[in-house]
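Contents: one structure, followed by commentary.
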Amino acid sequence: MRVSPQKARLVLNLIKGRRVEDALNTLIFTKKRVAATVEKLLRSAVENANYLSSEKGIDVDIDSLYVKSAVANDGPRMKRIRPAPMGRAYRYVRRIAHIELVLAERNGGREGMASRVDDATPAKAKVPVKKQRAGAKKKTAGKKAVAKK
């Protein structure tokens, strides 16, 4: 899409991790120009999931879909020139974003909790410390000789 990736990420961060229905409602009421395109892309992803469940026979529950990841990467940049004073030209860049949405099925709302099975921190392994010999002392840095001019 012809929008800078930074501006697209502002909208995509609003819908990450949300249910599809909540994400669509958020996009409808967002006052950014890119929100309409992201909404169209999200509706297309839902229709693709619907197609998989009806035509391909893959078991997908449309009501339990959520936005697993939403990414806006840099696309090719269009370099343009604007006239400037005294016959000069200023260059500017028109940025393009590649927007990618991934939907996943949430199983009973427990998927987010499954990754946090054990909150306890693992015990640290003891590392043997090198012992210094009794006779060996630390060497002190010697003074540098002053150069004569």
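Any read-out appearing in this document is the output of simple, stated calculations on the displayed coordinates, not a laboratory observation. Computed from a prediction, not measured in an experiment: that's the story for all the values here. Note: ideal-geometry Cβ built from the backbone for every residue, glycine included; neighbour counts use all protein chains shown.
Worth a mention:
- Here the Karplus relation 6.51 cos²θ - 1.76 cosθ + 1.60, evaluated at θ = phi - 60°, turns the backbone of the range 19-33 into coupling constants of 5, 4, 5, 5, 5, 5, 4, 5, 5, 5, 9, 8, 8, 9, 5 Hz, with x for every Gly and Pro.
- Rounded to the nearest 20, the Cβ-based charge dipole of the range 1-91 about its Cα centre (Lys and Arg +1, Asp and Glu -1) stands at 1200 debye.
- Calculated over the range 5-109: convex hull of Cα atoms, volume per residue (Å³): 107 Å³
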